[in-house]
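Asks: First the structure, which I've put down as structure tokens, then a few questions once you've had a look.
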Amino acid sequence: MKSNESIQQSIKRSIEGSVPDVLPAILRQIQAQEEVSIMEQPIYPHKKRLFLPKVLLPVAAALLIFLGAWFGWMHWATDFVVAFDVNPSLALSVNRQEKVMKIETRNEEAVTVLADMDLNGVKLDVAVIALIGSMVRNGYLSEIKNSILVTVEDRDSVKGQRLQERLSDEIAALLDGFSLHGSVLSQTMTRDREREQSAKKYGISEGKASLIRELIARDPRIQFADVAHLSINDLNLLLSTRAEAIPGLDVKGQASSKAYIGQEKARSIALSHAGVSESDITKIEIEFDYEKGRMVYEVEFHAKGMEFDYDIDASDGSILKFESKARNKPHEGGSNAADYIGVSRAESIALAHAGLQKSMMTKLETELEREKGRMIYDIEFVYDGYEYEYAIDAVTGDIISVEKKKVRSSDTTPPVTTTTTPQKQEGYIGAENAEAIALKDAGLSREAVNRLDTELEHEYGRMIYEVQFIHGGFEYEYDIDAMSGKIVKVEKEAKKTGGSSNTTFLPSGQRIGQGRAEEIALTHAGFLRGDVRKLETEFKAHKGYYEVEFKVGGWEYEYKIDSVTGKILEWEKERD
């Protein structure tokens, strides 16, 4: 590019000799242009292009990050979780736009419900309609089982409560549309570590774990492990019999009991068996309950001066257990043995009431005892898988109480060495190992014992092997943890023999005394007085023995010591 000076020389040569002489004017124009060019040079446009991006780039980057985070928060981040439990159990993670981000199926039934539906990105309300429809179509929600639990997990409890109410109303309307009279339970939860642990331990949802904890709080007899597998409908039925409302749990509709015989049928069965009519009843209570792995109706009533207590199987109406006892004041007389009706007469009264004959019995035991100020015959026998126990007034022959309950078939067999060996399941130690543990603890060999019997049962919220055997006039019973092999409980008692026995009451000078009884019990257990943290001893005058109880090392011991001879009549050891 030419300089300004050379440009001036070139122009001068090209116009030299021209007339008129205009050179001075042209030069002045060039000079003016140079001044303008010089003045404009500092703000040349490329300077602006270098300055502006340095300021705007960080701002633009921050804005992009913010917009990206906001978009992700709105579209991809989980805002709350909605869980549905029937027996199918599944949970939906939902974003702030109420679109489903993820579905977690928690059991095989939930996999069946979801099938091949892809609900990711679908609005929550649409997903709810699809899932409820699938549950109805697959028979998980029906007139027989009509209950569903809705659980909302949201950090914002107020928002969660509103959502809970909305979903509860929507699902109730959906079930009505399917012509189902449904029952919708709904709750809002925040995080709880203990509840999380219970849910993980039993393989259930946290919502269901929360429901079970509330049930146990209202009935401590119920064990978590026993009811963890129940459907929401059965849990709803159990809750409905405990009248107290649960704070935070909203319940719409009633749980269906169509899978069971119903309270009226259970009532009719109990009254018919007891031989009383509706007009005889002065008081009656019926409760739906869960016992020993089955749903039952507990029917209790007063009639004709007697108190009756029945357990009726809720599914088939069979009588699982019944008891009856007199409600009037106990008879106080008859202290003279000559006034007693005798063992044979007492047994005849009991067998006649049961509709049985003595020749039909494989086990019949009778003892004369003092109970509640009067002498009674305590009669026990087994027939057709049931154990009967009668209390007969020793003077009048009146039946004071009756109890009938199902027993294991092994209880009816003759006293020979037999072993019922349950199939060894994965993770269990097996019946033979359980027997070996029990025999080793008792200091006996397999050949030395009689009537060895082992069964796998569910007790204390876990599976246990119950090992029973007889040796040296004593009956042993061990409960062995089926998984770990630990001894959960031990009982040893003198074997009963048939016939009557009169209790002899001796003056205190002929008894061994409380201190000696405690010493015998502690020595047998292998402890000193200073080892135990609690020791209680009571003299049972009507039984003629000392009852010694103490706790040590996480175990509770109970001994019955003969008050005269010091012989250990019975002892028991179980987890404290």
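The values are calculated or read from the model by the stated rules, or taken from the named source; none is laboratory data. Predicted, not measured: the structure shown is a model, and the values here were computed from it. Neighbour counts run over all protein chains shown; Cβ positions are idealised from the backbone, glycine included.
Asks: Of the residues in the stretch 481-497, how many are surrounded by 17 or more Cβ atoms within 10 Å (Cβ to Cβ) and more than 21 Å from H524 (Cα to Cα)?
Replies: Qualifying residue count for the region: 2.
Asks: Another one. Collect the residues in the stretch 133-167 that are crowded, with 20+ Cβ neighbours inside 10 Å and of a type in the set (K, R), keeping them in residue-number order.
Replies: K145
Asks: Right, something else. Residues that are at pLDDT below 85 and not assigned by TED's automatic domain parsing to the domain that holds F381: does the stretch 295-305 have at least one?
Replies: Yes; the residues of the stretch 295-305 include at least one that is at pLDDT below 85 and not assigned by TED's automatic domain parsing to the domain that holds F381.
Asks: Hey, another quick one. State all residues of the stretch 529-576 that are among the β-branched types (V, I, T) and in a strand (DSSP E or B); if no residue qualifies, say none.
Replies: T537, V548, V552, I561, I568, listed by residue number.
Asks: Could you please tell me which pairs satisfy a Cβ distance under 8 Å, a separation of 6+ or placement on different chains, a first residue in the stretch 262-284 that is farther than 28 Å from D234 by Cβ, and a second residue that is in a helix (DSSP H, G or I) and at pLDDT 90 or above?
Replies: Here the result reads S277/L271; E278/L271; I281/L271, each pair linking the stretch 262-284 to a residue that is in a helix (DSSP H, G or I) and at pLDDT 90 or above.
Asks: Can you pull out every residue in the stretch 174-193 that is surrounded by fewer than 18 Cβ atoms within 10 Å (Cβ to Cβ), not in a loop (DSSP other than H, G, I, E, B) and not acidic (D, E)?
Replies: Within the stretch 174-193, G177, R193 meet the criteria.
Asks: So which residues in the stretch 105-132 are in a helix (DSSP H, G or I) and over 32 Å from the mean Cα position of the chain (by Cα), if there are any at all?
Replies: V126
Asks: Additional query: Evaluate the stretch 494-508: report whether one residue or more is outside the structural domain of K363 (by TED's automatic domain parsing), at pLDDT 85 or above and among the β-branched types (V, I, T).
Replies: Within the stretch 494-508 (the criterion being outside the structural domain of K363 (by TED's automatic domain parsing), at pLDDT 85 or above and among the β-branched types (V, I, T)), the answer is no, since none of the residues qualifies.
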